[in-house]
1. Does any residue of segment 181-190 turn out to be without any contact (Cβ under 8 Å) to a residue 60 or more places away in the chain and of a type in the set (S, T, N, Q)?
2. Determine whether V234 is of a type outside the set (K, R) and surrounded by 17 or more Cβ atoms within 10 Å (Cβ to Cβ).
3. State the number of residues belonging to segment 200-248 that are of a type in the set (A, V, I, L, M) and closer than 23 Å to G85 by Cα.
4. When residues of segment 91-105 are filtered for being under 34 Å from the mean Cα position of the chain (by Cα) and loosely packed, with under 14 Cβ neighbours inside 10 Å, how many remain?
5. For a quick check of your reading: which strands (runs of 3 or more DSSP E) sit entirely within segment 31-92 and have at least 2 residues that are touching a Leu at 6+ places or on another chain (Cβ under 9 Å) and of a type in the set (S, T, Y)?
6. For segment 186-201, how many residues are in a loop (DSSP other than H, G, I, E, B) and out of contact with any Gly (no Cβ under 7 Å at 6 or more places or on another chain)?
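The values are calculated or read from the model by the stated rules, or taken from the named source; none is laboratory data. Fair warning: this is a prediction, and the values are worked out from it, not measured in the lab. Virtual Cβ from ideal backbone geometry, glycine too; neighbours counted across all protein chains shown.
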Amino acid sequence: MANGKTKSKKKLFIFGGLGLLLVILLVVVFAAGSKEEIILVTTEKVEKRTITQTVAATGTIEPEFKVVITPEVTGEIIELPVKEGDNVKKGQLLIRIKGDQYKAQKEQIEAGLQSARASLKIREAELQKISADFNRIKELHAKKLASDAERETAEANYLTAKASYDVAVANVLQNEARLKEILEALYKTTIYSPMEGVITSLNVELGERVLGSNFTQGTELMTVSDLKNIEAVVEVDENDVVLISKGDTAIVKVDAFKDKEFKGIVTQIGNSAKTKGLGTQEQVVNFEVRIKLLNPDDKLRPGMSCTADIQTETVSDVLAVPIQSVTIRSKTTEKKTEEGEEDAVVERKNSDRNGKPKEIVFIVENGKAKSVEVTTGISDADYIEIKSGLKGGEEVVSGSYRAISRELQDGSKVRVEEKRKTAVTKK
């Protein structure tokens with residue numbers, strides 16, 4: 001009997017404790033639910049700044065002027081007085097190709113020309129004699145001292161001699177043209193530098209046989225480049241190329257030169273697109289832009305990788321906010337279907353009559369967030385121009401990204417936390 005009472009008291013204490021704990025948990029949950037959430041944010045004062053809009057691009061360093069040397073005749077290289085990296089002057093000998101076959105053809109054609117000229121002289125003498133005979137017969141025929149048959153025979157002999165003379169003249173002209181052609185080919189066996197510059201590539205060696213470009217593309221012998229005039233050839237995305245104009249300033253960084261910057265001017269913007277990955281999800285459309293470097297270094301070499309920041313537009317003394325402060329917010333509402341399932345319907349909270357989303361920023365007033373519609377202009381890497389909506393001096397929310405893009409609403413309570421300062425190590 002005593003044991004039963006003891007067990008009943010233990011159960012009473014256990015259930016009583018569990019009930020008290022449940023009451024405490026309900027009170028805590030109710031208190032937490034009724035407590036208004038305070039969002040931690042960072043702010044920055046709206047001030048006037050100078051903003052420069054830039055377009056970033058990557059590419060390579062190339063000489064502004066370069067000539068790829070290819071032979072026009074086929075043959076063996078018998079003289080190669082230059083090597084890669086040599087400085088050359090305009091008119092300097094670069095390469096000589098063996099021209100024995102052209103010399104033999106030249107001698108053969110010269111002999112044929114002499115024979116044609118001799119034959120021409122014979123035909124010319126014959127024509128003069130027959131022409132004199134024809135003129136004499138015509139006079140006699142006019143005086144009725146020669147028959148019609150004699151006149152016709154004399155005229156036929158004259159026309160035949162004249163045709164033979166014309167053939168001889170054509171033969172001489174043909175041989176002269178062939179001689180001119182072979183002399184030009186013989187001249188092309190020696191190649192001279194078309195410009196002052198540096199041999200930036202040499203693709204052949206002494207004794208190698210090369211192909212001329214008369215019937216094929218020809219062998220690329222070497223490249224002569226003017227390294228005093230250097231440019232950066234970069235590829236710009238199709239969405240950004242419309243922002244660039246000739247004459248825009250650019251800052252070019254070359255990977256091999258670490259932190260050194262080169263100033264440049266946009267001199268050429270490509271009209272034809274360069275498409276990569278055509279027909280795939282990775283398809284990219286770029287346009288080639290050339291930037292002339294104003295302060296090139298002697299150590300710059302063709303093919304070096306580079307990046308360029310092209311300054312497309314600059315505005316001064318304009319209101320600006322951190323670029324992450326501007327957002328386009330959306331409002332999500334829920335409705336129940338007949339089956340009781342919930343469907344999410346997303347509606348633009350900030351949009352004009354045409355359905356175009358509006359840009360907003362949040363400013364802090366009396367510990368609460370307030371959304372303000374703004375009109376933006378150009379931006380740089382950190383700040384964006386505000387054309388309308390702000391007057392200056394407001395405390396605009398600059399972080400966190402989650403708070404700006406999702407959490408903040410009109411009237412949300414906020415607490416401004418100080419930005420962490422980067423510690424500076426003293427040397």
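1. no
2. Yes, satisfied.
3. The total comes to 11.
4. Of the residues in that region, 1 qualify.
5. So the answer is none; nothing clears 2.
6. The number of residues fulfilling the criteria is 4.
Results for (1) part of a strand (DSSP E or B); (2) among the aliphatic types (A, V, I, L, M); (3) modelled with pLDDT of 90 or more, shown as yes or no for each residue.
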| site | (1), (2), (3) |
| --- | --- |
| C306 | yes, no, yes |
| E313 | yes, no, yes |
| L319 | yes, yes, yes |
| T332 | yes, no, no |
| K335 | yes, no, no |
| E339 | no, no, no |
| V346 | yes, yes, no |
| G355 | no, no, no |
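Residues checked against (1) within 30 Å of P71 (Cβ to Cβ); (2) in contact with a Gly (Cβ under 7 Å, 6 or more places away or on another chain); (3) part of a strand (DSSP E or B):
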position	(1), (2), (3)
A163	no, no, no
V167	no, no, no
E184	yes, no, no
V224	yes, yes, yes
K246	no, no, no
